[in-house]
Each structure stands twice: as C-alpha cells, then as structure tokens.
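The values are calculated or read from the model by the stated rules, or taken from the named source; none is laboratory data. Just so it is clear, the structure is predicted and the values come from calculations on it, not from any experiment. Cβ placement follows ideal geometry from the backbone for every residue including glycine, while neighbour counts extend to all protein chains displayed. Only protein heavy atoms, including side chains, enter the accessible area calculation; ligands, DNA and RNA are left aside. Shrake-Rupley method; radii C 1.70, N 1.55, O 1.52, S 1.80 Å.
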Amino acid sequence: VDRVDLRIFHLRDGIEAALPSILGSIVWVYAGLFAAMILQAILIAARGRNLGKLIFGGRVVRADTGEPAGFVRAVLLRFALPVALIFALNLGTGVLGFLFLVVDYCFIFRDDQRCLHDLIAGTKVVRA
C-alpha cells in the first residue's frame, strides 16, 4: 500500500511540475491564433482579401452592389461573428463549432456559391 501511495505522490509532483509548461504552451498557441485572426481581419478590411484570396486572386465584395464590403460586413459579420460562434460552440461541446464550420462551407455548393457566412454578411467572393 505504501508503494502505491508513493507512486501517486510522484505522479502528482510530475503533473504539478509540468503544468506551467503546458499552460505556457496553450497561451502561445492561442496568441498565435489570435495574431493570425487579427492579420486576416486587417487584410479583409483594408483590401477585401485574406491570405487565401491574395494567393488565389479572390476579393470580398457586397453581394448587392459589387462594391467593397467594408469593415462591418467583411470583418464583423463575415469573419468575426462566425469565428466567435465556432469558439463558443466548441467551448460548450467540443464539436458543435466544427459542425457549424462544415455546414457553413457546404453552402458553397449552392448555385450562387456563397457560404453561410457570405449570406449572413451580404457578401460574395469575386475574381480580383
């Protein structure tokens, strides 16, 4: 019995010793994710393009006029709202956010090829 208690004690010490490193790694992962989201938001707001659209030649515009989408439509409604929803759903369930993402992107198979986030924001992607 003493041996088992000793093993549990050593295991607990190992976990406690590793905890700051694990938490630090999690903080850095989320910091990198946040930085990437900020970069994407800046590119969409300034140019109507995120990194993928810069590479493949697309641009986000208003669906009704074809003019630049603007900050509210392109960043808040088309980007930040779905990302926040995905994070919130994943915090509560771990999988519903990813399910929302799959449903969102399945909308690309509509005739107008607009995803759910495009419909929410009133935007579309065109060739630049």
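Assorted remarks:
- Ranking by accessible area, most exposed first, for C106, C115 with a 1.4 Å probe: C106, C115
- Lys/Arg +1, Asp/Glu -1 at C-beta; the chain dipole; positive extreme among G24, F100, A74: A74
- Which labelled figure in (1) 14.7, 47; (2) 21.3, 76; (3) 17.6, 58 is Rg and Dmax of the Cα atoms in Å, once derived from the coordinates: (2)
- Between segment 103-128 and segment 16-62, the alpha-carbon center distance in angstrom: 21
- Residues I44, I22, I55, I86, sorted by accessible area with the largest first, give I55, I22, I86, I44 [1.4 Å probe; ligands and nucleic acids excluded].
- Where segment 20-97 is the region considered: accessible area per residue in Å², 1.4 Å probe: 63
- Ligands, DNA and RNA left out, the 1.4 Å accessible surface of the chain is 70% carbon and sulfur atoms.
- The angle between the Cα long axis of helix 81-93 and the main principal axis of the chain comes to about 30°, on a 0 to 90 degree scale.
- Basic side chains Lys and Arg get +1 at the Cβ, acidic Asp and Glu get -1 at the Cβ, and with that the dipole of the chain about its Cα centre reaches some 600 debye.
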